[in-house]
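K.L.:
Have a look at this one.
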Ligand code: HEC
């Protein structure tokens, strides 16, 4: 039952810190607006009390609050476990045993729990080869990797081994095989895609409060201080935007449509070279924000759990696409189908998919003339396949 882990201690080379040069980003940066609205995602009420962590993927949502942890499938409450009442971090990660996902929550004492699809919690800290009460945060850098922050180390599990890096870091973010975090005046980035092994980069940024990844173009590491946003280019953090004097940046969250930036009662979306300021005025401060692979953003820590998203132009079918398909696109298709990608076919937006329903059915379900994604890239999980089928069948 319990996998036998190889625990490898990875030596962290003492890299010289790279400074923050005063170069300007090469591309033109624009500001604009984005029309936001609260997203109704649930048919049953949230009964987990004050929510402090949330993790979602496709039509699954795991809510962790001071009255327990609840599992929702397609908006319906399946079950609540009231045995643990405080939470620090949550993430959807690759399952250890099967090609599937696990919904994990970490409590303030450092225990890792898996929220089963029945709504029941199960302690899994030991399944990662880790000591009880040692974990602070969890994130999935890719569909094969799980990263867990410990007090002075980062543990990365790839399904067959757990690698320990002697790095003190918090505020974990992960995407497309990369992990970012920060400590003191340093941003740390680990790239797991290199054939020669994980490449660790340290970037100095005094006053860093958050890091995130922008997945909407070529994967970009974004960092924030309370008054500016930075992007990493060639090992240097370049200032992208400075906030007006009265505005304080309070958080970042990676999502399927870019990086959400929380600034008091204001939410903005950074995507590529654009920073779009939300037209929705929030009634309370944003508190902690958590990104969703659907592109939406969760506001947690307040009296009510709020999910906010961009107003859709094409209604319910586009909403279903964002929830069910976009996370899968980011995982399996973005490598070739972003605008300007290697296939020369942009499939990153809803209209591109809506115009290709039949083609998608052929390539993803019937696998003809050849499967998509190409075999060597991977395959859809059962949950992803079901979401694609639901979306294809729900055509107007
Ligand atoms: C390794 C690169 C690669 C990945 C990853 C990939 N594709 Fe493709 N895709 C291509 C190439 C190249 C073509 C054009 C040749 C062809 O049709 O086979 C293509 C064509 C397509 C087409 C036909 C589009 C048209 O208008 O003719 C569809 C649909 C498609 N891909 C869907 C997907 C989906 C969905 C995913 C992710 C689940 C995906 N692809 C992942 C490379 C890729």
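Each value in this text was obtained by applying a stated rule to the coordinates, not by laboratory testing. Note that this is a predicted model, so its numbers are computed, not measured. For neighbour counting, all protein chains shown are included, and Cβ atoms are generated from backbone atoms with ideal geometry for every residue, glycine included.
K.L.:
Nearest 0.05, what FRET efficiency do residue 226 and residue 349 give at R0 = 30 Å with Cβ-Cβ as r?
P.N.:
Values: r = 33 Å, r/R0 = 1.10.
Given R0 = 30 Å and the Cβ-Cβ separation, E is 0.35.
K.L.:
Which value, to two decimals, describes the C-alpha radius of gyration of segment 145-241 once divided by 2.2 N^0.38 Å?
P.N.:
Details: Rg = 13.0 Å, N = 97, 2.2 N^0.38 = 12.5 Å.
Normalised by 2.2 N^0.38 Å, the Cα Rg of segment 145-241 equals 1.04.
K.L.:
Based on the alpha carbon coordinates of segment 316-393, what radius of gyration and maximum Cα-Cα distance (Dmax) apply, in Å?
P.N.:
Computed over the Cα atoms of segment 316-393, radius of gyration and Dmax are 11.5, 33 Å.
K.L.:
What distance in nm lies between label points placed 7 Å from Cα along the C-beta direction at residue 394 and residue 73?
P.N.:
Computed distance between label sites residue 394 and residue 73 equals 1.6 nm.
K.L.:
Pop a pseudo-label 7 angstrom from the Cα along the beta-carbon direction at both residue 218 and residue 316 and give the gap in nm to one decimal.
P.N.:
4.2
K.L.:
Additional query: For the pair residue 342 and residue 304, how long in nm is the line joining their label points, each one 7 Å along Cα→Cβ?
P.N.:
4.7
K.L.:
Please compute the contact order of segment 322-394 in relative form: average sequence separation of alpha-carbon pairs under 8 Å and at least six residues apart, divided by the residue count, as a percent.
P.N.:
Worked out over segment 322-394, it gives 31 percent.
K.L.:
For 232, 318, which order do you get if you count the other beta carbons within 10 Å of each Cβ and list the fewest first? Mind showing how you got there, number by number?
P.N.:
Values: 232 22, 318 18.
Starting with the residue having the fewest Cβ neighbours, the order is 318, 232.
K.L.:
Given a Förster radius of 35 Å and the C-beta distance between residue 120 and residue 151 as r, what FRET efficiency does 1/(1 + (r/R0)^6) yield to the nearest 0.05? Intermediate results must be reported in sequence, preceding the final value.
P.N.:
Details: r = 29 Å, r/R0 = 0.82.
Efficiency, rounded to the nearest 0.05: 0.75.
K.L.:
So for the chain, Kirkwood radius off the Cα pairs, Stokes-Einstein at 20 °C and 1.002 mPa s: how many µm² s⁻¹?
P.N.:
Translational D for this selection: 100 µm²/s.
K.L.:
Something else: Determine, for each peptide in 269-280, 138-149, the mean count of other beta carbons within 10 angstrom over its residues, then list the peptides with the highest first.
P.N.:
On the way: 269-280: 18.3, 138-149: 23.2.
Result, highest mean first: 138-149, 269-280.
K.L.:
Any idea what the relative contact order of segment 246-393 is, in percent, if you count C-alpha pairs under 8 Å spaced at least 6 apart?
P.N.:
Working: 217 pairs, mean separation 21.0, N = 148.
Value for segment 246-393: 14 percent.
K.L.:
What percent do you get for the relative contact order of the chain when only Cα pairs under 8 Å and 6+ apart count?
P.N.:
Values: 972 pairs, mean separation 57.4, N = 396.
14 percent.
K.L.:
Now, a different point. Set the Förster radius R0 to 35 Å, insert the Cβ-Cβ distance between residue 359 and residue 245 as r into 1/(1 + (r/R0)^6), and round the FRET efficiency to 0.05. Don't skip to the answer; put the middle values down first.
P.N.:
Working: r = 51 Å, r/R0 = 1.45.
Efficiency at R0 = 35 Å is approximately 0.10.
K.L.:
Within a 10 angstrom radius of the beta carbon, how do 109, 192, 213, 29 rank from fewest other beta carbons to most?
P.N.:
Placing the least packed residue first, the sequence is 109, 29, 192, 213.
K.L.:
Expressed in nm to one decimal, what extension gain is obtained for the pair residue 109 and residue 183 from 0.36 nm per residue of sequence separation less their Cα-Cα distance? Could the numbers behind the result be given before it?
P.N.:
Numbers: separation 74, 0.36 × 74 = 26.64 nm, distance 2.04 nm.
My answer for the length gained is 24.6 nm.
K.L.:
Something else about it: Compute the length gained on full extension between residue 83 and residue 273: take 0.36 nm times their separation in residues and subtract their Cα-Cα distance, giving the result in nm to one decimal. Provide the component values of the computation, followed by the final result.
P.N.:
Details: separation 190, 0.36 × 190 = 68.40 nm, distance 4.49 nm.
Here the segment from residue 83 to residue 273 would lengthen by 63.9 nm.
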